[in-house]
Amino acid sequence: MRKVPVGAVYLAGLAPLGWIVWLVVSGGIGVDPVKEIEHRLGKIALWFLFGGLTITPLRRFLRVDLMRYRRAVGLVAFFYVGLHVLVWLVLDMGMLWAQALGDLVRRPYLIFGVAALLLLLPLALTSNTASIRRLGRNWRRLHLLVYPAVALAVVHYLWQMKVVQPQGWLWLAGFGVLMALRAVPRRR
């Protein structure tokens, strides 16, 4: 894996966006394109968030070291979270802030999504070499916010369903497994 440059992660991270653009251009996005784009971007963000959380257990339990790609995976995840929110604000709400605030009140699961975004924002802003050096040990502490952020994102995803589909429960179970793996004591 050492031969794969980190930049390849960023490039590969654009593939799902390219697919969404293709669906929009070809007319295959569905009858409610804004909702479909919004949901697809949110689900892609979840995939990348989970990908980032999976890197440490892979190294610890399977000796697969992808740590050099973790920052890139996290930033790609944040990119999709940002696009997800941007589509909601611009295409769904039409930049009408009062309507967006009313939507937050009517659909409380949106608050969980916004909270996840707010927790991920400082992580994205400090995911550069200068911030890592400047923050020192505090950088690792700050980046522990990823766990509650992903938990909030999973709750946001589950709650937005009228009836929780089996894949919703799989996301919850997957998050539980990833957290349980972190609780396994290390052997000396």
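The values are calculated or read from the model by the stated rules, or taken from the named source; none is laboratory data. Note that the structure is a prediction, hence the values are computed from the model and not measured. All Cβ positions, glycine included, derive from the backbone under ideal geometry; neighbour counts span all protein chains shown. Accessible surface is based on the protein model in full, side chains and every heavy atom, while ligands, DNA and RNA are left aside. Shrake-Rupley method; radii C 1.70, N 1.55, O 1.52, S 1.80 Å.
Remarks
- Hey, Ile55 over 23 Å from Arg140 (Cα atoms), β-branched (Val, Ile, Thr) and in contact with a Phe, Trp or Tyr (Cβ under 9 Å, 6 or more places away or on another chain) or not: no
- Checking each residue of segment 102-113 against the condition of being within 10 Å of the chain's Cα centre (by Cα) and under 25 Å from Ala183 (Cβ atoms) gives no match.
- Per-region count, segment 83-110, residues free of Cβ contacts under 8 Å to residues at least 24 places away in the same chain and within 23 Å of Gly52 (Cα to Cα): 1
- Index of the failed condition, Thr54 passing every other in (1) farther than 29 Å from Val184 by Cβ; (2) touching a Leu at 6+ places or on another chain (Cβ under 7 Å): (1)
- Odd one out for Ala98 among (1) more than 28 Å from Ala183 (Cα to Cα); (2) touching an Asp or Glu at 6+ places or on another chain (Cβ under 6 Å); (3) not β-branched (Val, Ile, Thr): (2)
- Candidate set: segment 37-52, residues that are open to solvent by 60 Å² or more (accessible area, probe 1.4 Å) and more than 9 Å from the chain's Cα centre (by Cα); chosen: the one nearest to Trp22 (Cα to Cα): Arg40
- Some residue of segment 37-59 being more than 24 Å from Ala173 (Cα to Cα) and free of Cβ contacts under 8 Å to residues at least 60 places away in the same chain: yes
- Selection count where residues are of a type in the set (Lys, Arg) and either open to solvent by less than 40 Å² (accessible area, probe 1.4 Å) or part of a helix (DSSP H, G or I) (or both), scope segment 1-36: 1
- Pick from segment 112-159, criterion of a type in the set (S, T, N, Q) and in contact (Cβ under 8 Å) with a residue 12 or more places away in the chain, ranking: farthest from Phe79 (Cα to Cα): Thr126
- The set of residues in segment 105-143 being exposed (fewer than 10 other Cβ atoms within 10 Å of the Cβ) and of a type in the set (S, T, N, Q) consists of Thr129 alone.
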